[in-house]
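Notes follow once the structure below has been shown.
The values are calculated or read from the model by the stated rules, or taken from the named source; none is laboratory data. None of the values given here were measured: they were computed from a predicted structure. Ideal geometry is used to build each Cβ from the backbone, glycine not excepted, and the neighbour counts take in all protein chains shown.
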Amino acid sequence: MVNPWHNLKNNIKKHLCRLYSFAGAAFFFCILSLLTIITNGHSLCIFYNLFRIKCIGCGMTRAFISILQLDFITASNYNKFSIPLFFGIAFYCILLVIDILFGKETVTVFERVLSKKYMYFIYLSVFIISVYLMYFCK
């Protein structure tokens, strides 16, 4: 009989790099959130502070904080791309938890699909739409 704790331990080892990446991203998000609170919501973006032009990531930290507070309208006002990005990250986290708990390969399959050549057209389309929404739709 196979010990379930042994399987869980092996699954964690298999996804350790992904888990470290998420832990680092969560730590970085916490630091940015604290800096946003300390600076009273002023922009932390170096590009915006130098050139006074919003980049695609401007407002993303404030938007994620708003999403966590379930204020989607404010999040959309900060950055139009924040809501789909947040839910994409949440979906990926759910797949990772399923992989670790049940030993599935859903993340690997998902990553293979996202790395196909035809997906670059979709990424470019999303990028162009987000730039359009950011600069031309107020």
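Any residue in region 111-138 that is under 11 Å from Ile56 (Cα atoms) and touching a residue at least 12 places away in the same chain (Cβ under 8 Å) sitting within a Cβ distance under 8 Å of a residue that is surrounded by 10 or more Cβ atoms within 10 Å (Cβ to Cβ) and not hydrophobic (A, V, I, L, M, F, W, C)? List the pairs, counting only those 6 or more apart or interchain.
Pairs found: Ser130/Lys80; Leu133/Lys80; Met134/Lys54; Met134/Asn79; Met134/Lys80; Tyr135/Lys54.
Just to check your reading of the model, which residue among Leu133, Leu85 is within 17 Å of Ala25 (Cβ to Cβ) and part of a helix (DSSP H, G or I)? Break it down into steps so the answer makes sense when it comes.
Working: Leu133 fails: within 17 Å of Ala25 (Cβ to Cβ).
After ruling out the rest, the residue left standing is Leu85.
Within region 34-73, can you find the residues that are small (Gly, Ala, Ser) and over 20 Å from Pro84 (Cβ atoms)?
Let us first name the residues in region 34-73 that are small (Gly, Ala, Ser), namely 41, 43, 57, 59, 63, 66.
If the condition is that a residue be small (Gly, Ala, Ser) and over 20 Å from Pro84 (Cβ atoms), then Gly41, Ser43 are the ones that fit.
Taking Asn11, is it assigned to a helix (DSSP H, G or I) and touching a residue at least 40 places away in the same chain (Cβ under 8 Å)? Write out each step before concluding.
Numbers: assigned to a helix (DSSP H, G or I): yes; touching a residue at least 40 places away in the same chain (Cβ under 8 Å): yes.
Judged against the criteria, Asn11 is a match.
What residue, of Ile83, Ile73, Ile122, is closer than 14 Å to Met134 by Cβ and either exposed (fewer than 13 other Cβ atoms within 10 Å of the Cβ) or in contact with a helix residue (DSSP H, G or I) (Cβ under 7 Å, 6 or more places away or on another chain) (or both)? Full working, then the answer.
On the way: Ile73 fails: closer than 14 Å to Met134 by Cβ; Ile122 fails: closer than 14 Å to Met134 by Cβ.
Step by step, each of Ile83, Ile73, Ile122 is checked, and only Ile83 is closer than 14 Å to Met134 by Cβ and either exposed (fewer than 13 other Cβ atoms within 10 Å of the Cβ) or in contact with a helix residue (DSSP H, G or I) (Cβ under 7 Å, 6 or more places away or on another chain) (or both).
Would you mention how many residues in region 44-75 are more than 30 Å from Arg112 (Cα to Cα) and of a type outside the set (Lys, Arg)? Spell out how you get there, then give the answer.
Our first condition is that a residue be more than 30 Å from Arg112 (Cα to Cα); within region 44-75, this holds for 44-54, 59, 62, 65-66, 69-75.
Now restrict to residues that are of a type outside the set (Lys, Arg): 44-51, 53, 59, 65-66, 69-75.
The number of residues fulfilling the criteria is 19.
Quick test of your reading of the structure: Ile89 fulfils all but one of (1) within 18 Å of the chain's Cα centre (by Cα); (2) more than 21 Å from Tyr135 (Cβ to Cβ); (3) in contact (Cβ under 8 Å) with a residue 40 or more places away in the chain. Name the failing condition by number.
Just one mismatch for Ile89, condition (3).
So Lys117 fits all but one of (1) surrounded by 15 or more Cβ atoms within 10 Å (Cβ to Cβ); (2) in a loop (DSSP other than H, G, I, E, B); what number is the exception?
So Lys117 meets the others, but not (1).
Of everything in region 86-122, what is within 25 Å of Asn10 (Cβ to Cβ) and of a type in the set (Gly, Ala, Ser)? Give them in sequence order.
The answer is Gly103, Ser115.
Return the residues of region 47-64 that are within 20 Å of the chain's Cα centre (by Cα) and either more than 14 Å from Asn79 (Cβ to Cβ) or in a helix (DSSP H, G or I) (or both); say none if nothing qualifies.
Scanning region 47-64 gives Met60, Thr61, Arg62, Ala63, Phe64.
Which of the following residues is over 27 Å from Ile129 (Cα atoms), modelled with pLDDT of 85 or more and surrounded by 11 or more Cβ atoms within 10 Å (Cβ to Cβ): Ile98, Ile38?
Numbers: Ile38 fails: surrounded by 11 or more Cβ atoms within 10 Å (Cβ to Cβ).
Checking each option against the conditions leaves just Ile98.
Check Gly103 against each of (1) more than 14 Å from the chain's Cα centre (by Cα); (2) under 22 Å from Ile56 (Cα atoms); (3) among the small types (Gly, Ala, Ser) and name the one condition it does not meet.
(2) is the only condition that Gly103 fails.
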